[in-house]
1. Working carefully through the options T181, T156, find the one that is open to solvent by 40 Å² or more (accessible area, probe 1.4 Å), modelled with pLDDT under 85 and either hydroxyl-bearing (S, T, Y) or in contact with a helix residue (DSSP H, G or I) (Cβ under 7 Å, 6 or more places away or on another chain) (or both).
2. Given the criterion β-branched (V, I, T), exposed (fewer than 12 other Cβ atoms within 10 Å of the Cβ) and under 24 Å from the mean Cα position of the chain (by Cα), identify the matching residue among V43, V63.
3. Does the range 15-34 contain at least one residue that is touching a strand residue (DSSP E or B) at 6+ places or on another chain (Cβ under 8 Å), without any contact (Cβ under 8 Å) to a residue 60 or more places away in the chain and among the polar types (S, T, N, Q)?
4. List the helices (runs of 4 or more DSSP H) inside the range 256-337, counting only whole elements, that have at least 1 residues being in contact (Cβ under 8 Å) with a residue 40 or more places away in the chain and acidic (D, E).
5. Name the residues in the range 120-153 that are surrounded by 14 or more Cβ atoms within 10 Å (Cβ to Cβ), under 17 Å from the mean Cα position of the chain (by Cα) and touching a residue at least 24 places away in the same chain (Cβ under 8 Å), would you?
6. Which condition breaks for R125 when tested against (1) modelled with pLDDT of 90 or more; (2) part of a loop (DSSP other than H, G, I, E, B); (3) farther than 16 Å from E33 by Cα?
7. Conditions: (1) more than 26 Å from the chain's Cα centre (by Cα); (2) in a strand (DSSP E or B). G117 meets all but one. Number of the miss?
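The values are calculated or read from the model by the stated rules, or taken from the named source; none is laboratory data. Remember, predicted model here, so these are calculated numbers, not experimental data. Heads up, the Cβs are rebuilt from the backbone with ideal geometry, glycines too, and the neighbour counts pull from every protein chain shown. The protein model used for the area step is the full one, side chains on, heavy atoms only, and it has no ligands, DNA or RNA in it. Shrake-Rupley method; radii C 1.70, N 1.55, O 1.52, S 1.80 Å.
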Amino acid sequence: MSQVVDHLAELTGFRDRDVMDVTLVMALRDLLEPESAAIYRLVGEPGKERWLTRAHLRAGDAVASADPLWAKPEALPPAADHPLRLEAMRSRSVTQVVEAGKWLYLFPIATDRDVIGVIEILSTRRLGAGSQRMVSSVLRIYHNFQGLLDYSERDTLTGLLNRKTFDESFLKVLSELPTKTQPSQNGAEDRRHEAAVPHYVLGVIDIDHFKSVNDRFGHLIGDEVLLLLSRLMRGSFRFHDLLYRFGGEEFVVLMRCDEEIHAGEAFERLRVNTERYAFPQVGRITVSIGFTEVRGGDAPAAAFERADKAVYHAKGHGRNQVHNYAALVASGVIQEATQLSDIELF
């Protein structure tokens, strides 16, 4: 019993979801001694779901493996490739089968809103009823703690990430970028290095004339507009793009992309989807969007200010537009912002 308590204490001692998932599979391996323990999550749009490996630990592994946070959806296994996982999620109950003399157990992982994945345990021996109850109990604690994290990290209205989680995510992104651009020594080699460096983009989304929506229809209808826009955002961006509500009618996206043009296409997709959507009672609304590439050594406030300047330009030139800050500077439309210090302004 003390071993179980120790693992639960370790599991609930982290506020990082990646670390929590790794800690969970480590606990299951130590407690059950299976051949492997893994967490798989179902991600992607309905009809195009894929399996994302959150943590996978074999008996002899020193560390757990996982798919990269920014994995491309087409590189992940389609949902239909693993029907047993889908069945466990659908039934919301433990699924067990015998394969080549080994026992495979699948435990559904649920949130307050939905079933989002499975714990998969492969064992050379059958798990008794007591062991299965123990796993289910650990998962209930895991679920409850995930709920507490959601409460502290997510906007209560839209379910998107809230403003106070932005800095931590931004700094994680920043850790993957070089702090400064080095002088070119070898053209071909530098181009290969540049291609290997990840590119991140920060976008700011602002609803046009939102105050008039609240004034004409009331704040309840205004809240419904915010909720519906958050759903349009989820459908317009990839599952791993980080979506935030900063407050009021202002939203932020932090995404990884190969080129700025790809980011522009994603933001344009949201603009068009919003323009075409018929919001109940309100009718049509539009959004103004600005985005900028995250630079090595950026402060969160500096990147946000650049994207916000592009939004300001969109609003001053007709609204319902998407603008790239770098393109505006290159064309001489706006002046390059002075780099802010690293003092956090959020």
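1. Only one candidate qualifies: T181.
2. Numbers: V43 fails: exposed (fewer than 12 other Cβ atoms within 10 Å of the Cβ).
From the options V43, V63, the qualifying one is V63.
3. No, there is no match, as no residue in the range 15-34 is touching a strand residue (DSSP E or B) at 6+ places or on another chain (Cβ under 8 Å), without any contact (Cβ under 8 Å) to a residue 60 or more places away in the chain and among the polar types (S, T, N, Q).
4. Working: elements: 260-276, 300-316, 325-330.
In the range 256-337, 260-276, 300-316 are the helices (runs of 4 or more DSSP H) which contain 1 or more residues that are in contact (Cβ under 8 Å) with a residue 40 or more places away in the chain and acidic (D, E).
5. Selection gives Q146, L149, D150.
6. Status for R125: all satisfied but (3).
7. (1)
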